[in-house]
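> What follows is a single structure, and I will ask about it in a moment.
The values are calculated or read from the model by the stated rules, or taken from the named source; none is laboratory data. Here the structure is a predicted model, which means the values were calculated and not measured. Virtual Cβ from ideal backbone geometry, glycine too; neighbours counted across all protein chains shown. Surface areas here come from the heavy atoms of the whole protein model, side chains and all, with no ligands, DNA or RNA. Shrake-Rupley method; radii C 1.70, N 1.55, O 1.52, S 1.80 Å.
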Amino acid sequence: MQFTKIIWRDGQPYSSMFDDIYYSTEDDETVSGESEFNHVFFKHNGLPQRWTSRDDFVIAELGFGSGLNFILTIREWLKHCDICNSRKTLHYIAIEKYPLSPASIDELMSRYPDLKPYVDELVENYPPAVEAIHRRSLFDNRVVIYFKFMDVIDALDDEGAGVDAWYLDGFSPANNPAMWSADVFSKISLNSRGGATCSTYTAAGSVKRNLQQAGFNTKKVSGYGKKRDMLIASLPVDETQRKDMPLLRYDDKPWFKRPDRIAAKAKTATIIGAGIAGLSLAYSLVQRGWSVTVVDKSSDAAAGATSNPAPIIYPRLSVNNDTDMAFYTSAYCHAVYLLGKLQKTAKRKFWFDDGLLQSFDGARIDNILDSFEFNQDYISKLDDVVHEDRVMLDYVSAGVVLPVILCDVLKHECAANMRIIEAEIDEVRFYRGSWHCYSDAEDVQHDDVLIVANGCGINHIGLSPGYPVEIVRGQVVVLNANDASSRIKKTRNEQVHITPAIDGKHYLGATYSRGNYNTEVEQEDTRELLESLNNIYPDMFREDDCCDAWVGFRTIAKDRVPIVGAVADIDFFEKEYAELRHGSKRSVYNAAAYRAGLYVSAAHGSRGFTSSFLSAEIIASLIDGTPLAVAKDVLDYLSPSRFIVNDLKRR
């Protein structure tokens, strides 16, 4: 994906892709396009009046374009929040297959000084040109925008976004018919809350018919400017009840249906585990206005696998698994964004985004680059660095993180909204509507919402079902920098990885040992790491350059995919889906049932610092019922229920 370009014609901005105008300019307007926005989208979606009784509101725009509609909307939203003096969040889903660059948006908006604060916030948080969902929190979480840089059908795959108002602002049906198809409007209906509204500048008969076919009541009203008519539509309040019908077909995958929003008595949650999975969950929930209690056997929040002195952050490239690629692409982009955001306000440096070089099979990477069209700002192939059938990849935004400092930063961000209890939880029970956490038979904490993020302890707290995970030992060696090692400007990842010098130290890792539970440093592992390093940088380091070493244990699922989401009610699953092995297309099923308020984030393996932040957002969105930052197929892919379902299919 590449950012699309603007063409200026007679002072008007046009899309180079569709040869259609982004917005019209009027000499008598303070902001060109503002009157059109107010008439077409704001007024005819009943805004701002509909905001009054709501703490959260969801708007989706098909055709984000210049961002003008978004900028004008958040200006009015922030005014509304100030007037009512309450903490509210606007969720804005921005769907755009051909996004403009942040520089182009800044250029378009630079003539309007009154909009500068909103433009600056947008541009500062703008995502890279990577096909993915990019979640960004703006203005102290009063606005959350979900950039969906992808085809509209893929962008609407969630089917549970709960949209209240739709801005249908794609280029004209004649120039971009795919944006206005019957399939699109069917998806719009499935992603709508009862009573949702939509408006569009067009009055095309095909658009009207497709809206009606999707269940909307439509009406023609006066258009803006030279357009005589435009369309508005609304979904009856009870229209979306058809989506909640109890009986679903096999192809609907009812076992993966999203759980209902938590009806918690208070916005409080307990997290078992103070590693990066647990602390990222705490951060995500605190950003949403929750208070959290983190329970861990160590008072040191950077314990366990999180104590790895310098893990690397980079994507996982999958050749024949598009869903895995989609998750790790989104997770990597989110991690890089969030680490950069946290670093800006941190007193100590913990994020070293100098890039990463990785050796990769040449034929496989050509297949990946052809399939996913990654641009060179995300990943590039260095054609001049070739060894046999392998090439070198350059991830320009990848880097190294120092977990001890990062964990302190996350705790500081959570501040008084997070407390840590030092206790080793050995049993969890649910009674009287709450989850109770026990340590040596003592009830140390209880809450309506419980998230298990304790790595290798996931199966040691008495919860059912158990998960097929294994523990893999890893060892990292710390090396003193020397004159020759100053050549290492980026992390190099081949048989092993070696970081650039950080405070005079290089970090060399990591071994991968199954069935080895030795917590002591093994000299044989150290020698193996140094021998592999010598193949990459001959004679650069000696054994006496080793000044320290670290041993830790990763938790990995049998299928090598993180376990993230709501925990299934296993009794319900085994009864309701007992006949899955037959795969009958004619059978009907009830939607999945879950353990009330129970979630898990585990088995992130060696990429926990890449995957944990997005996984935290997924769980937080499931808890509070807000739009997801991943597509439905990714949510299903990560689901803890997948192991039960696969087992039932095999019986």
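> At Arg650 and Glu76, where each label point lies 7 Å from the Cα along Cα→Cβ, what is the point-to-point distance in nanometres?
5.5
> Rounded to a whole number, what % of the accessible area of region 259-355 do carbon and sulfur atoms account for, probe 1.4 Å? Before the final figure, lay out the partial values.
Numbers: 1650 of 3460 Å².
Reported share for carbon and sulfur atoms: 48 percent.
> Continuing with this model, one more query. Which one, Val319, Leu402, Ile379, projects farthest toward the positive side of the charge dipole computed for region 284-404 from Cβ point charges (K/R +1, D/E -1)?
Going by the charge dipole, the pick is Leu402.
> Charges only on Cβ, +1 for Lys and Arg, -1 for Asp and Glu: so what's the dipole of the chain about the Cα centre, in debye to the nearest 20?
2000
> Ignoring solvent entirely, what values of log10 I(q)/I(0) come out of the Debye formula for region 385-434 at 0.16, 0.17, 0.18, 0.20 Å⁻¹ when each Cα is a single scatterer?
Normalising to I(0) and taking log10 leaves -0.79, -0.83, -0.86, -0.94.
> May I ask for the equivalent-ellipsoid semi-axes of region 539-651, computed as the square root of five times each C-alpha gyration tensor eigenvalue and listed largest first in whole Å?
Semi-axes, largest first: 37, 18, 12 Å.
> Also: Contour minus end-to-end for Tyr224 and Asp389, with contour as 0.36 nm per residue of separation and end-to-end as the Cα-Cα distance?
53.4 nm
> Determine the share of region 470-595's accessible area contributed by carbon and sulfur atoms, expressed in whole percent, with a 1.4 angstrom probe.
After summing per-atom areas, the C and S share lands at 42 percent.
> Continuing with this model, one more query. DSSP loop GluC sites (Glu not before Pro) in region 494-563 with at most 13 other Cβ atoms within 10 Å of their Cβ, which ones?
Here the sparse-neighbourhood loop sites are Glu520.
> So, one more: Check each of the chymotrypsin sites (Phe, Trp or Tyr not before Pro) in region 490-552 and keep only those in coil by DSSP with at most 10 other C-beta atoms within 10 angstrom; list them in order.
Filter output for region 490-552: Tyr517.
> Size of region 440-581 along its principal axes in angstrom, Cα-based, largest extent first?
65, 42, 27
> How much of the DSSP beta bridge set in the chain is antiparallel, as a percent to the nearest 5?
65
> Follow-up question, since we're still on this one. Bin width 5 Å, alpha-carbon pairs only: give the P(r) of region 402-522 as whole percents, running from 0 to the bin holding the largest distance.
In order of increasing distance, the bins hold 2, 8, 12, 13, 13, 14, 13, 10, 7, 4, 2, 1, 0 percent.
> DSSP loop trypsin sites (Lys or Arg not before Pro) in region 58-141 with at most 10 other Cβ atoms within 10 Å of their Cβ, which ones?
Hits after loop and neighbour filter: Arg111.
> At a probe size of 1.4 Å, how large is the accessible area of Cys547, to the nearest 10 Å²?
Surface accessible to solvent at Cys547 totals approximately 60 Å².
> A further question on this structure: Report the equivalent ellipsoid semi-axes for the chain in whole Å, largest first, defined as the square roots of five times the eigenvalues of the gyration tensor built from alpha carbon atoms.
42, 31, 24
> Along the charge dipole of the chain, which of Pro173, Val391, Ser101 sits closest to the positive end, that is, farthest toward it, with unit charges on the beta carbon of Lys, Arg, Asp and Glu (+1, +1, -1, -1)?
Pro173
> Also: Using the reciprocal of the averaged 1/r over all distinct C-alpha pairs, how large is the Kirkwood radius of region 304-446 in Å?
Details: mean 1/r = 0.0541 Å⁻¹.
Mean inverse Cα-Cα distance, inverted, gives 18.5 Å.
> Pairing the Cα long axis of helix 362-372 with the longest principal axis of the chain, what angle in degrees results, from 0 to 90 and rounded to the nearest 10?
Approximately 30 degrees, to the nearest 10.
> Starting at the first residue of region 79-92, write each ³J(HN,Hα) from the Karplus equation 6.51 cos²θ - 1.76 cosθ + 1.60 with θ = phi - 60°, in whole Hz, x for Gly and Pro.
4, 4, 4, 5, 5, 7, 6, 9, 8, 10, 10, 9, 9, 10
> Further, regarding this structure: With the Cα gyration tensor of region 88-199 in hand, give its eigenvalues times 5 under a square root as the equivalent ellipsoid semi-axes, listed largest first in whole angstrom.
Result for region 88-199: semi-axes of 25, 18, 14 Å.
> Would you mind working out the accessible area per residue for the chain, using a 1.4 Å probe, and quoting it in Å²?
In whole numbers, the chain has 42 Å² accessible per residue.
> At 1.4 Å probe size, what's the solvent-accessible area of Asp448? Round to the nearest 10 Å².
Probe radius 1.4 Å; accessible area of Asp448 about 30 Å².
> Kindly flag which residue pairs out of Lys88/Lys341; Lys187/Lys265; Lys5/Lys381; Lys297/Lys411; Lys381/Lys489; Lys297/Lys505 have an alpha-carbon separation exceeding 26 Å in this structure.
Numbers: Lys88/Lys341 22 Å; Lys187/Lys265 33 Å; Lys5/Lys381 24 Å; Lys297/Lys411 17 Å; Lys381/Lys489 17 Å; Lys297/Lys505 30 Å.
Over 26 Å apart, Cα to Cα: Lys187/Lys265; Lys297/Lys505.
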